[in-house]
Amino acid sequence: MRRILSLTALMFPLALAPGTASAHNGKLDANGCHYESATGEYHCHKEVKPNRNVNAAVKKSRENVCHDKSSSNYSSIKYFIAYKTMGECVSSGGKPAK
């Protein structure tokens with residue numbers, strides 16, 4: 001019991017200490033996502049409405065994958081950025097679907 005109290009007394013101030021947060025410039029794409037400048041990783045911060053352009057030539061998903069109409073996942077993607085060509089999508093940082 002004494003050990004638990006000592007541990008609790010030690011941990012309590014740490015719980016109150018302010019944590020460090022990593023900020024970014026706030027520029028999010030149409031998917032509500034951006035590339036992390038430190039790691040280059042693509043991740044999302046906010047929910048957005050589904051893209052209504054269901055017949056876009058190429059769709060870049062929130063997972064940062066470019067899907068054209070030959071992709072098996074093309075029709076199921078609801079949250080995406082539309083591109084005219086696969087080249088444009090890949091140039092934006094997306095990866096072609098496998």
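We did not get these values from a lab; they are worked out from the coordinates using the rules stated. Bear in mind that the values here come from a model prediction, so they are computed numbers and not experimental data. We place every Cβ from the backbone using ideal geometry, glycine too, and count neighbours over all the protein chains shown.
Using amide H atoms built 1.01 Å from N in the peptide plane, name the residues 5+ places from Lys95, or on other chains, whose amide H lies under 5 Å from its own. Here the answer is Val65, Cys66, since their amide H atoms fall under 5 Å of that of Lys95. The Cβ shell under 13 Å around Ile77 holds other residues with a net charge of +4, Lys and Arg each +1, Asp and Glu each -1. In order along segment 80-95, the Karplus-derived 3J(HN,Hα) couplings, from 6.51 cos²θ - 1.76 cosθ + 1.60 at θ = phi - 60°, round to 7, 10, 7, 10, 7, 9, 5, x, 4, 5, 5, 4, 7, x, x, 10 Hz, and Gly and Pro are given as x.
Report, in listed order, any pair from Lys27/Lys78; Lys60/Lys98; Lys59/Lys98; Lys46/Lys98; Lys49/Lys98; Lys27/Lys60 with a Cα-Cα distance greater than 23 Å.
Values: Lys27/Lys78 21 Å; Lys60/Lys98 13 Å; Lys59/Lys98 14 Å; Lys46/Lys98 27 Å; Lys49/Lys98 26 Å; Lys27/Lys60 17 Å.
Over 23 Å apart, Cα to Cα: Lys46/Lys98; Lys49/Lys98.
Using θ = phi - 60° in the Karplus curve 6.51 cos²θ - 1.76 cosθ + 1.60, the 3J(HN,Hα) couplings for segment 32-43 round to x, 10, 7, 8, 5, 5, 6, 10, x, 6, 8, 8 Hz; x is entered for Gly and Pro.
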